[in-house]
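The values are calculated or read from the model by the stated rules, or taken from the named source; none is laboratory data. Note that the structure is predicted; figures quoted are calculated from it, not measured. Here Cβ is always computed from backbone atoms with ideal geometry, including for glycine, and neighbour counts include all displayed protein chains. What goes into the accessible areas is simple: the full protein's heavy atoms, side chains included, and nothing from ligands, DNA or RNA. Shrake-Rupley method; radii C 1.70, N 1.55, O 1.52, S 1.80 Å.
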Amino acid sequence: QVQLVESGGGLVQPGGSLRLSCVAPGSIFSSYIMGWYRQAPGKQRELVAHITTGGSTTYADTVKGRFTISRDSARNTAFLQMNGLKPEDTAVYYCNARKIFTIYWGQGTQVTVSS
(Lines give C-alpha, C1' and ligand atoms only; values in the text may rest on other atoms or scores of the structure.)
Protein backbone atom coordinates (compact mmCIF):
# COMPACT_ATOMS: atom_id res chain seq x y z
CA GLN A 1 0.00 0.00 0.00
CA VAL A 2 1.61 3.22 -1.16
CA GLN A 3 1.08 6.15 1.19
CA LEU A 4 1.29 9.79 0.26
CA VAL A 5 1.24 11.88 3.42
CA GLU A 6 0.00 15.45 3.11
CA SER A 7 0.28 18.27 5.64
CA GLY A 8 0.03 22.04 5.85
CA GLY A 9 -3.65 22.77 5.40
CA GLY A 10 -5.63 25.04 7.66
CA LEU A 11 -7.66 28.20 7.99
CA VAL A 12 -6.26 31.40 6.49
CA GLN A 13 -7.62 34.86 5.75
CA PRO A 14 -8.05 36.09 2.17
CA GLY A 15 -4.72 37.25 0.81
CA GLY A 16 -2.81 34.92 3.10
CA SER A 17 -0.43 32.07 2.35
CA LEU A 18 -0.08 28.38 3.09
CA ARG A 19 2.43 25.74 2.07
CA LEU A 20 1.26 22.17 1.55
CA SER A 21 3.68 19.25 1.75
CA CYS A 22 3.39 15.71 0.39
CA VAL A 23 5.86 13.01 1.38
CA ALA A 24 6.07 9.94 -0.85
CA PRO A 25 8.11 6.73 -0.71
CA GLY A 26 11.45 7.21 -2.42
CA SER A 27 10.72 4.56 -5.05
CA ILE A 28 7.63 6.51 -6.08
CA PHE A 29 8.95 10.02 -5.79
CA SER A 30 11.96 9.48 -8.00
CA SER A 31 10.01 8.37 -11.06
CA TYR A 32 6.46 9.72 -10.77
CA ILE A 33 4.87 13.00 -11.78
CA MET A 34 3.73 14.70 -8.57
CA GLY A 35 0.61 16.79 -8.53
CA TRP A 36 -1.94 18.59 -6.42
CA TYR A 37 -5.66 18.40 -7.01
CA ARG A 38 -8.51 19.97 -5.09
CA GLN A 39 -12.18 19.31 -4.54
CA ALA A 40 -14.62 21.89 -3.26
CA PRO A 41 -18.03 20.88 -1.85
CA GLY A 42 -20.40 19.94 -4.65
CA LYS A 43 -17.72 20.17 -7.32
CA GLN A 44 -15.54 17.72 -9.19
CA ARG A 45 -11.93 17.18 -8.27
CA GLU A 46 -9.70 19.39 -10.41
CA LEU A 47 -6.02 19.68 -11.19
CA VAL A 48 -4.23 22.52 -9.42
CA ALA A 49 -0.66 21.87 -10.57
CA HIS A 50 1.78 19.12 -11.38
CA ILE A 51 5.54 18.78 -11.74
CA THR A 52 7.50 16.19 -13.69
CA THR A 53 10.64 14.45 -12.52
CA GLY A 54 12.56 16.92 -14.69
CA GLY A 55 10.94 19.91 -13.01
CA SER A 56 8.51 20.96 -15.73
CA THR A 57 5.37 22.46 -14.24
CA THR A 58 1.75 22.90 -15.25
CA TYR A 59 -0.83 25.06 -13.48
CA ALA A 60 -4.56 25.57 -13.64
CA ASP A 61 -5.40 29.01 -15.01
CA THR A 62 -7.15 29.89 -11.74
CA VAL A 63 -3.92 29.60 -9.73
CA LYS A 64 -1.26 30.80 -12.17
CA GLY A 65 0.88 33.51 -10.65
CA ARG A 66 -0.29 32.71 -7.11
CA PHE A 67 0.67 29.06 -6.52
CA THR A 68 4.05 27.41 -6.99
CA ILE A 69 4.66 23.66 -7.09
CA SER A 70 8.11 22.25 -6.36
CA ARG A 71 9.77 18.97 -5.42
CA ASP A 72 12.70 18.15 -3.18
CA SER A 73 14.36 14.87 -4.07
CA ALA A 74 16.46 14.82 -0.90
CA ARG A 75 13.29 14.73 1.19
CA ASN A 76 10.99 12.86 -1.24
CA THR A 77 8.59 15.74 -0.79
CA ALA A 78 6.42 17.79 -3.13
CA PHE A 79 5.31 21.25 -2.07
CA LEU A 80 2.54 23.61 -3.05
CA GLN A 81 3.19 27.19 -2.02
CA MET A 82 -0.09 29.09 -2.11
CA ASN A 83 -0.01 32.89 -1.97
CA GLY A 84 -2.78 35.42 -2.43
CA LEU A 85 -5.39 32.93 -1.30
CA LYS A 86 -9.01 33.61 -2.16
CA PRO A 87 -12.24 32.23 -0.69
CA GLU A 88 -12.75 30.27 -3.90
CA ASP A 89 -9.55 28.35 -3.15
CA THR A 90 -11.36 26.67 -0.26
CA ALA A 91 -11.29 22.92 -0.85
CA VAL A 92 -9.77 19.63 0.19
CA TYR A 93 -6.36 19.43 -1.47
CA TYR A 94 -5.05 16.02 -2.54
CA CYS A 95 -1.54 14.99 -3.40
CA ASN A 96 -1.21 12.73 -6.44
CA ALA A 97 1.61 10.61 -7.85
CA ARG A 98 1.17 9.48 -11.46
CA LYS A 99 3.14 7.31 -13.88
CA ILE A 100 1.48 6.13 -17.07
CA PHE A 101 -1.60 4.23 -15.79
CA THR A 102 -0.61 4.02 -12.12
CA ILE A 103 -1.98 6.68 -9.80
CA TYR A 104 -1.69 7.11 -6.04
CA TRP A 105 -3.60 9.58 -3.88
CA GLY A 106 -3.05 11.10 -0.48
CA GLN A 107 -5.78 11.35 2.12
CA GLY A 108 -6.37 15.06 1.54
CA THR A 109 -5.87 18.19 3.62
CA GLN A 110 -8.47 20.89 4.15
CA VAL A 111 -7.72 24.46 3.11
CA THR A 112 -10.24 27.08 4.18
CA VAL A 113 -9.92 30.72 3.13
CA SER A 114 -12.23 32.93 5.14
CA SER A 115 -12.26 36.13 7.12
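Overview of results
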read-out: Å² per residue, accessible surface of the chain at 1.4 Å; value: 53
read-out: Apportionment of accessible area to carbon and sulfur, the chain, percent (1.4 Å); value: 49
read-out: Solvent exposure, largest accessible area first (probe 1.4 Å, DNA, RNA and ligands not counted), of 2, 111; value: 2, 111
read-out: Helix-only [θ]222 nm of the chain, DSSP H runs n ≥ 4, -39500 (n - 2.57) each, per residue, nearest 500; value: -500 deg cm²/dmol
read-out: Nearest-20 debye value, the chain charge dipole, Cβ charges on Lys, Arg, Asp, Glu; value: 120
read-out: Over region 1-48, relative contact order from alpha-carbon pairs under 8 Å, at least 6 apart, %; value: 27
read-out: Relative contact order (percent, whole number), the chain, Cα cutoff 8 Å, 6+ residue spacing; value: 37
